[in-house]
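Here is the structure we will look at.
The values are calculated or read from the model by the stated rules, or taken from the named source; none is laboratory data. Because the structure is a prediction, the values reported are computed rather than measured. Every residue, glycine as well, gets a Cβ built from its backbone with ideal geometry; the counts of neighbours run over all protein chains shown.
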Amino acid sequence: MSIYDRYGVRPIINAAGAVTRLGGARMPAGVLEAFCEAARESVPLDQLQAAASRAIADVTGAEAGLVTAGACAALTLGTAAILCGYDIGRMERLPHCDGAFPDEIVVAREHRNGYDHGVRAAGARLVEVGFHEIVANAGVRRVEAWEYAAVFSPRTAGVYYALADDSRPPLVEVVACAHERGLPVLVDAAGELPPRKNLQAILATGADLVAFSGGKAIRGPQSTGILCGRRDLIASAALQMLDMDDHFALWDPPAELIDKSRVPGQPRHGIGRGHKVSKEEIVALLTALETFCRGDFDGDATQHRTILKDVAAGLADCPARCQVHDSRDGESSPWLEIAIDEARLGRSAVEVCRQLRGGEPPIHLGQARIYEGTLTLNPLLLRRDQVESLVNGLRRALSRP
Ligand SMILES: *Cc1c(COP(=O)(O)O)cnc(C)c1O
């Protein structure tokens with residue numbers, strides 16, 4: 001009996017990983033306990049965010065940090081901070097800059113992705129540079145750092161960089177180029193954990209603001225994230241997210257988070273007020289971050305490898321080739337590639353996937369390579385007691401009609 005039965009929603013077997021659409025990661029017991037304990041009392045949120053800032057600074061090496069409502073919200077807040085700094089008049093105008101102050105954020109064309117809506121939501125206009133010539137099979141080059149410098153102008157507010165294993169040009173070059181003009185760089189590193197060293201390594205490039213997801217590998221609440229970096233920018237982000245319904249004479253924000261002497265009066269609710277984070281979420285995220293940094297999940301990879309081998313063995317006589325792959329970062333779990341022989345099966349990987357998703361229980365696998373006929377199994381959220389149902393479901397979907 002699941003609590004979701006009350007609502008007529010069937011829990012799934014999640015072999016796709018901590019994807020948002022499927023509810024993100026599951027919180028470890030200690031994180032859930034922290035969440036419940038935090039719910040029992042009331043605290044001023046600015047003080048709790050100041051404590052969070054210290055904890056985040058400790059593990060990232062940043063000057064300051066903020067718990068946000070996810071990495072995408074961190075992109076909106078980070079952009080709002082870059083556009084406004086401590087200027088509360090600008091904060092009040094967002095998302096409409098109306099040419100009153102610099103509002104252009106420079107981005108490599110090949111870094112554009114759905115999450116940059118978070119950057120645009122703050123009111124920034126994206127200015128694209130460079131080409132990924134290789135995708136057209138016509139060239140050899142990708143975007144280069146000089147192309148950023150070539151479009152910087154008095155209208156430029158900063159740079160947005162989407163980080164992945166193979167992002168070009170190297171972040172450190174983009175940072176150098178932006179800093180030469182005094183421009184800040186905001187990095188989307190939502191999914192770049194593990195490895196744990198990225199908590200520090202990305203900021204060590206000199207990047208001004210970095211966004212991480214809290215509900216993926218860190219295993220905090222799904223609706224949390226981290227924005228960390230320069231103290232003045234984090235202060236601006238905090239001013240634009242926290243509830244501002246107070247009298248200026250009484251308002252007493254922690255100085256390490258917000259320097260009250262830099263604002264002439266009480267700001268109104270900012271653009272990030274709709275991205276609020278609860279005390280329970282902040283405490284749970286900090287607990288999860290501690291757990292993650294301690295390396296409590298490092299043993300999982302060995303168990304996961306055994307599960308993947310069991311699944312592969314269970315599919316040995318099916319029209320599919322299974323192969324276990326090790327993660328590239330050396331910390332995350334291995335994953336299983338299931339390359340379907342579509343001709344022999346007489347059905348496509350899309351049809352297999354549809355059958356699995358509609359099955360009893362529903363099974364969700366990684367589907368990024370579905371049009372190559374390949375499904376991937378990410379064991380992060382797979383429970384041992386689900387393996388038998390998973391193999392049975394896969395065997396049914398991979399047997400000829
Ligand atoms: C998951 C993800 C996000 C969004 O993160 P949330 O914490 O769900 O808001 C943004 N960018 C990238 C690259 C991601 O993988």
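Applying a threshold of 6 Å to beta carbon distances and a minimum spacing of six or more residues, or different chains, the list of pairs starting in the stretch 188-217 at a residue that is assigned by TED's automatic domain parsing to the domain that holds V67 and ending at one that is charged (D, E, K, R) and away from the ligand (no atom under 15 Å from the Cβ) reads P194/E331; P195/E331; D208/R230. Counting only residues that are more than 16 Å from the ligand (Cβ to nearest atom) and either closer than 17 Å to R328 by Cα or not hydroxyl-bearing (S, T, Y) (or both), the stretch 186-209 holds 8 of them. For the stretch 205-229, a tally of residues being surrounded by fewer than 24 Cβ atoms within 10 Å (Cβ to Cβ) and hydroxyl-bearing (S, T, Y) returns 2. Looking across the stretch 88-116, just one residue is in a strand (DSSP E or B), in contact with a Lys or Arg (Cβ under 8 Å, 6 or more places away or on another chain) and away from the ligand (no atom under 16 Å from the Cβ), and that is E104. The residues of the stretch 165-174 that are in a loop (DSSP other than H, G, I, E, B) and either more than 16 Å from the ligand (Cβ to nearest atom) or modelled with pLDDT of 95 or more (or both), listed by number, are S167, R168, P169, P170.
Inside the stretch 322-343, can you point out the residues that are in contact with a strand residue (DSSP E or B) (Cβ under 9 Å, 6 or more places away or on another chain) and not hydrophobic (A, V, I, L, M, F, W, C)?
Selection gives Q323, H325, D326, S327, P334, E337, D341.
In the stretch 18-86, counting only helices (runs of 4 or more DSSP H) that sit wholly within it, none holds 3 or more residues that are in contact with a Pro (Cβ under 7 Å, 6 or more places away or on another chain), assigned by TED's automatic domain parsing to the domain that holds S223 and within 16 Å of the ligand (Cβ to nearest atom).
Of the set (1) in a helix (DSSP H, G or I); (2) touching a Lys or Arg at 6+ places or on another chain (Cβ under 8 Å); (3) within 16 Å of the ligand (Cβ to nearest atom), all apply to L126 but (1).
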